[in-house]
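I have placed the structure first, in the form of structure tokens, so that the comments after it can refer back to it.
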Amino acid sequence: MRKILFSSLALGGLILALAFTPASKLISQKTHVQFFSSTPAEDIEAHNYKSLSTLDTETGAFVFSVPMQSFEFDKRLMQKHFNQEKFLNTKAFPKAKMTGRLKNIAQIDFQKDGAYPAIITGEMTIHGVSQQFEAEGEFKVQANHIQLHAEFPITLADYGVAFEKGKPAKNIAQTVKVTVESEYSKN
Amino acid sequence: MKKTKILYRFAGAAATALVLSGAVLFYLFNMPDRNIEKADIDYEVTAQYLIEEYLQDYDAANQKYLADDGESSIFSLKAKLLSVEQDFNGQPILIIGEENLKAAVSCGFSSDYNYDFNRLEIGQSILIKGVIEAGARYDEDLMMYENIQLGKCVIL
């Protein structure tokens with residue numbers, strides 16, 4: 001009985017949320033943000049599966065909100081360096097964000113199965129600093145699912161990340177490769 | 001003779017320092033992962049308490065709970081299980097909280113965490129231990145409330 005009640009309440013909440021959400025706006029919690037850095041000292045990669053993303057399939061507007069302390073590294077020491085005040089200072093800047101639009105929305109049909117190249121343009125905010133960016137990606141539409149895959153470089157100094165001597169400066173590249181993936185479900 | 005003794009002692013001290021430094025560096029470089037299951041709990045509260053604290057003052061709550069090096073506060077949270085989701089990697093995510101709140105807590109688990117999530121029932125009371133990674137707030141760009149993110153969780 002309690003199970004039915006809670007399920008009904010959860011369903012009611014979802015219906016209310018949807019009532020105030022445009023039908024074209026999709027929400028995804030199935031996301032993957034990865035960064036990869038290569039230096040003579042070592043290769044470093046970190047994975048984050050806790051970002052939240054929205055995508056408006058009519059306007060092409062999208063948002064990615066990335067919790068910085070959710071990045072996972074192979075080495076615990078590198079994770080501590082990544083978060084520290086003299087590097088990304090994630091206590092002061094706990095979220096990174098991408099907001100923007102699909103520049104070529106007219107060429108993407110989210111109602112028809114297929115693979116569609118995408119040009120993503122907008123603003124990226126990391127470490128409290130915002131920069132315009134543009135990147136190429138791809139949407140794959142299959143039945144009720146839309147998958148996004150995009151890769152682009154980020155130069156950390158552009159976002160006020162200092163590279164002073166010592167670790168992590170010599171172990172992290174000045175420009176890192178970022179991969180963004182997301183799965184959206186159409187209702 | 002005296003000079004030789006001094007030299008030997010100096011060499012011995014230098015060698016000891018070198019070995020110790022090497023050992024420290026080796027440990028730092030291969031530091032074991034933070035064991036949340038065995039670690040002390042910093043705060044034992046309800047999920048509702050933590051959510052409301054964040055929604056009241058996001059910056060103050062971050063200042064209180066997040067650590068400079070990312071090894072932030074460990075919570076034991078009591079809440080209702082609202083739903084069971086999956087992340088991009090197929091790992092379970094438990095959404096806990098209370099139905100009447102604007103945000104909830106998303107609890108993520110390590111890939112090597114061994115637990116039968118099928119035992120759980122939506123609506124049941126649950127006690128979860130985990131590390132806070134991000135707080136809850138309304139995001140103007142997303143136009144929705146973001147959940148508290150708890151990582152490396154274990155079910156108590």
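So the values come out like this:
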| read-out | value |
| --- | --- |
| Of the DSSP H helices in chain B, those whose Cα atoms cover at least 20 Å axially and whose Kyte score averages -1.0 or more | B:2-29 |
| Residues with amide H under 5 Å from that of A:A118, placed H, sequence gap 5 or more | A:G137, A:E138, A:F139 |
| Long-range amide H partners of A:N89 with built H, under 5 Å | A:Q84 |
| Rounded to whole Hz, the Karplus (6.51, -1.76, 1.60) HN-Hα couplings of the stretch B:119-129, x for glycine and proline | 5, 6, 10, 4, x, 6, 7, 9, 10, 10, 10 |
| Links that overshoot a 31 Å alpha carbon limit, given the list A:K103/B:K80; A:K186/B:K129; A:K112/B:K102; A:K30/A:K80; A:K86/A:K140 | A:K103/B:K80; A:K186/B:K129; A:K112/B:K102; A:K86/A:K140 |
| Cleavage-rule hits, trypsin sites (Lys or Arg not before Pro), the stretch A:94-129, DSSP coil, Cβ neighbours within 10 Å at most 16 | A:K103, A:K112 |
| The stretch B:18-156 - convex hull of alpha carbons, volume per residue in Å³ | 143 |
| Low-density loop positions, GluC sites (Glu not before Pro), the stretch B:115-156 - DSSP coil, at most 15 other Cβ in 10 Å | B:E121, B:E140 |
| Inverse mean reciprocal Cα-Cα distance (Kirkwood Rh) of the stretch A:63-187, Å | 16.1 |
| With 10 Å bins from 0: P(r) over the stretch B:76-123, alpha-carbon pairs, percent | 25, 56, 19, 1 |
| The protein assembly as shown pair-distance distribution - Cα-Cα, 20 Å bins, rounded % | 28, 54, 14, 4, 1 |
| The stretch A:84-146: GluC sites (Glu not before Pro) in DSSP loop, at most 10 other beta carbons within 10 Å | none |
| Approximate spin-label separation B:V84-A:D109, in nm, with each point projected 7 Å along Cα-to-Cβ | 3.9 |
| Extension gain from B:S73 to B:Y138, taking 0.36 nm per residue of separation minus the Cα-Cα distance | 21.2 nm |
| Nonlocal amide H pairs with B:A134, under 5 Å, H built at 1.01 Å | B:Q149 |
| Residues of type aspartates and glutamates that A:K25 reaches as a straight line, Cα spacing below 19 Å, ignoring anything fewer than 8 places off in the same chain | A:D56, A:E58, A:D109, A:D113, A:E138, A:E181, A:E183, B:D139, B:E140, B:D141, B:E146 |
| Hz values of 3J(HN,Hα) by residue in the stretch B:113-118 - Karplus curve (6.51, -1.76, 1.60), Gly and Pro given as x | 6, 9, 7, 8, 5, 5 |
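Bear in mind that the values in this text are calculations on the coordinates, not laboratory data. Quick caveat: nothing in here was measured; it's all calculated off a predicted structure. Methodologically, a virtual Cβ is constructed for each residue, glycine included, from the backbone with ideal geometry; neighbour enumeration extends over all protein chains shown.
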